[in-house]
Amino acid sequence: LRPLRMSETEEAAAAPVAEKEEEEEEAPMDAATKLALEKQKRADELRAQEVFMKRSTGLHKCSNCDWEYDPEKGDSFLIGGMIKPGTEFADLPSNWRCPTCRASKDNFEEVVETIPGFEVNQGYGFGTNAMTSGQKNTLIWGGLAAFFLLFIGGYAMS
């Protein structure tokens with residue numbers, strides 16, 4: 001005889017429970033329930049396949065003070081700033097520091113935009129699949145505003 005360990009007793013106790021669950025799953029169910037379970041499984045598979053595309057904005061944000069380095073501006077507009085506009089973040093010297101909190105260059109994180117939807121579908125359509133949610137909202141609400149102005153303009157003509 002060998003002594004039983006805690007994990008062995010738990011496995012032995014869990015085995016009958018697992019067998020009971022399998023028996024319950026095999027119990028007959030109506031067609032609507034089977035169809036609903038299949039649809040749920042398919043939806044879960046599609047959610048697992050969804051990969052959000054990320055697009056770089058070119059900005060880098062300090063993780064200490066949230067100051068953003070913009071390559072188009074550099075830091076020459078600040079007091080003591082030596083980096084001229086047009087300098088990419090990767091081209092900054094290794095001893096460069098955040099102008100507001102003096103954090104090192106390693107403390108900066110790239111700012112990215114997330115584009116929802118399947119990554120494989122981003123190239124289809126009229127370019128709207130590659131838009132961020134903010135760009136899509138601007139397009140939709142701008143179109144509604146233009147239609148409204150056109151509609152009101154029809155009353156002004158009469």
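The values are calculated or read from the model by the stated rules, or taken from the named source; none is laboratory data. Just so you know, these numbers come straight off a predicted model, no measurement behind them. Cβ sites come from the backbone with ideal geometry, for glycine too, and all protein chains shown count toward neighbours. Note: accessible area is taken over every heavy atom of the protein model, side chains too, but ligands, DNA and RNA are not part of it. Shrake-Rupley method; radii C 1.70, N 1.55, O 1.52, S 1.80 Å.
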Checking residue 52 against (1) open to solvent by less than 70 Å² (accessible area, probe 1.4 Å); (2) touching a helix residue (DSSP H, G or I) at 6+ places or on another chain (Cβ under 9 Å), which single condition isn't satisfied?
(1)
Tabulated pairs, the range 51-78, first closer than 18 Å to residue 90 by Cα and in contact (Cβ under 8 Å) with a residue 60 or more places away in the chain, second open to solvent by 40 Å² or more (accessible area, probe 1.4 Å) and of a type in the set (Asp, Glu), C-beta under 6 angstrom, 6+ apart or interchain
55/113
Scanning the range 13-49 residue by residue, the ones that are part of a helix (DSSP H, G or I), of a type in the set (A, V, I, L, M, F, W, C) and either surrounded by 12 or more Cβ atoms within 10 Å (Cβ to Cβ) or modelled with pLDDT of 75 or more (or both) total 8
Identify the single condition in (1) touching a Leu at 6+ places or on another chain (Cβ under 8 Å); (2) over 17 Å from residue 55 (Cβ atoms) that residue 144 does not satisfy, given that it satisfies every other one.
(1)
Would you say residue 112 is open to solvent by 50 Å² or more (accessible area, probe 1.4 Å), in contact with a strand residue (DSSP E or B) (Cβ under 6 Å, 6 or more places away or on another chain) and among the hydrophobic types (A, V, I, L, M, F, W, C)?
yes
Considering only the range 132-140, I want to know if a residue exists there that is at negative phi, modelled with pLDDT under 85 and either within 26 Å of the chain's Cα centre (by Cα) or aromatic (Phe, Trp, Tyr) (or both).
yes
For the range 78-95, which residues satisfy the criterion of being assigned to a loop (DSSP other than H, G, I, E, B) and crowded, with 16+ Cβ neighbours inside 10 Å?
83, 87, 92
Could you list all residues from the range 102-149 that are within 29 Å of residue 67 (Cα to Cα), small (Gly, Ala, Ser) and outside any helix (DSSP H, G or I)?
103, 104
Residue in the range 113-130 that is among the acidic types (Asp, Glu) and either free of Cβ contacts under 8 Å to residues at least 40 places away in the same chain or over 27 Å from residue 48 (Cβ atoms) (or both) present:
no
Just give me the residues in the range 131-141 being farther than 23 Å from residue 49 by Cα and either open to solvent by less than 50 Å² (accessible area, probe 1.4 Å) or in contact (Cβ under 8 Å) with a residue 40 or more places away in the chain (or both), in sequence order.
134
Residue under question is residue 61, and the condition is that it be basic (Lys, Arg), part of a helix (DSSP H, G or I) and open to solvent by 50 Å² or more (accessible area, probe 1.4 Å); does it hold?
no
Could you figure out which of (1) of a type outside the set (A, V, I, L, M); (2) surrounded by 14 or more Cβ atoms within 10 Å (Cβ to Cβ); (3) assigned to a helix (DSSP H, G or I) isn't true of residue 75?
(3)
